[in-house]
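> Sharing a structure with you now.
Readers should treat all values here as calculations from the given coordinates under stated rules, not as data from a laboratory. Note that this is a predicted model, so its numbers are computed, not measured. Cβ: placed from backbone, ideal geometry, glycine included. Neighbour counts: every protein chain shown.
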Amino acid sequence: MNAEKKLSKRFGKANPFTVPDYYFNDFTGKVMNSLPKREISVSAGAKAMIRRRLIVRRMRQAVCAAAVAGGIFFGVNTARHFYSGNINDMHVMTGKVNTYDEYDRYLDDVFDHADISKDEIYSYVSGQDESY
Amino acid sequence: MLSDPDPEVRRKAFEIAVRSFTPRIYWQIRRLVLSHDDANDIMQDTFIKAWTSLDNFRGESSLFTWIYRIAVNESLSFLRRKKESLSLDSPDADGINKLAADEYFDGDELQFRLTKAIATLPEKQRLVFNMRYFDEMKYEEMSRILGTSVGALKASYHIATKKIMAILDEKD
């Protein structure tokens, strides 16, 4: 067994010293009250260190901002490419109202299929055709 | 926070440091100088010196390590001044003689003998022994605080433990 282990086994490591009651609680206040009140200037070395840390922090922020901007740009372009074949959906996305011409083309397909003319539909809707 | 331009912020930050570092630093000083009154005086001097020397803190080590180093230097200076002022063979005989009657020493016979044996070591060797044996500090941390190589610290500790065992075996 080495000397340290022998010592530890025989005498232990318990602390035999004590302090007055509340010593540590009161100590901080006593020290702070005894500190000189003069201004402390920051050393040139500490200033340089703070400046370096600020530069690193700003660079990190710039990289993050660039990454976010790049992500938005990429996302919008991807969405535009994906939705370029569907004009109606694109207009819904952009909030544009479909034009009259686009509705008209759609209705032409419906009328052809149902063997109804547009004029018959319009007169029905306007109440001019009393046969319905 | 310690480098904040607002003096109130700096003061508050220093207060937090004092509160959190005090116990660990106190016990290291106390084991060196033995007396509570002496340890208390050295602690106050340590923190006042740290406050007035904040200009010199470059952040190369942690704040704790920096203040601990100040405490160690203050303690060693104290012991040197005491050695010069006492005309005794053993510079710490005064401290040991008073220890038995000290109201703030609560140790049994074995602990008293161990404390007395440690007090016979040279100051720096005593410091290394206390840091390693009682605080179980890693050699790397001790090296940062004391500015001594790990190898030298290991050798110092090894010699210290052998000396203490020899003294204690002699008295048995």
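> As an exercise, identify the chymotrypsin sites (Phe, Trp or Tyr not before Pro) in the stretch B:1-86 lying in DSSP coil whose Cβ has no more than 11 other Cβ atoms within 10 Å. Numbers along the way, then the final one.
Values: sites: B:PHE14, B:PHE21, B:TYR26, B:TRP27, B:PHE47, B:TRP51, B:PHE57, B:PHE64, B:TRP66, B:TYR68, B:PHE78; in loops: B:PHE57.
Passing both the DSSP loop test and the Cβ count: no residue.
> Can you compute 3J(HN,Hα) from phi for each residue in the stretch B:148-163, using the Karplus curve 6.51 cos²θ - 1.76 cosθ + 1.60 with θ = phi - 60°, rounded to whole Hz and x for Gly and Pro?
With coefficients 6.51, -1.76 and 1.60, one gets 10, 5, 4, x, 5, 5, 4, 5, 4, 5, 4, 5, 4, 5, 5, 4 Hz.
> Still on this structure, please answer the following. For a 29 Å ceiling on Cα separation, which of these pairs sit above it: A:LYS13/B:LYS12; A:LYS5/A:LYS30; A:LYS6/B:LYS82; A:LYS5/B:LYS124; A:LYS9/B:LYS154; A:LYS13/B:LYS163? Show your work: numbers first, answer last.
Working: A:LYS13/B:LYS12 35 Å; A:LYS5/A:LYS30 40 Å; A:LYS6/B:LYS82 32 Å; A:LYS5/B:LYS124 22 Å; A:LYS9/B:LYS154 20 Å; A:LYS13/B:LYS163 17 Å.
In this structure, A:LYS13/B:LYS12; A:LYS5/A:LYS30; A:LYS6/B:LYS82 exceed 29 Å between Cα atoms.
> Could you list A:ARG10, B:ARG11, B:ARG81, B:ARG126 so that the one with the fewest beta carbons within 10 Å of its beta carbon is first and the one with the most is last? Working shown, then result.
Numbers: A:ARG10 14, B:ARG11 18, B:ARG81 10, B:ARG126 22.
The fewest-first ordering by Cβ neighbours comes to B:ARG81, A:ARG10, B:ARG11, B:ARG126.
> Among B:SER75, B:SER149, A:SER8, B:SER143, which comes first, second and so on when ranked by fewest other beta-carbon atoms within 10 Å? Before the final figure, lay out each step's value.
On the way: B:SER75 26, B:SER149 11, A:SER8 14, B:SER143 17.
By the 10 Å Cβ count, ascending, the order reads B:SER149, A:SER8, B:SER143, B:SER75.
> For a footprinting-style exposure proxy, rank A:HIS81, B:HIS158, B:HIS36 by other Cβ within 10 Å, fewest first. Write down the numbers at each step before the final one.
Details: A:HIS81 9, B:HIS158 15, B:HIS36 19.
Ordered by Cβ neighbours within 10 Å, fewest first: A:HIS81, B:HIS158, B:HIS36.
> Once Lys and Arg get +1 and Asp and Glu get -1 on their Cβ, which of B:LEU63, B:THR115, B:PHE134 lies farthest toward the positive end of the dipole of the stretch B:37-152?
B:LEU63
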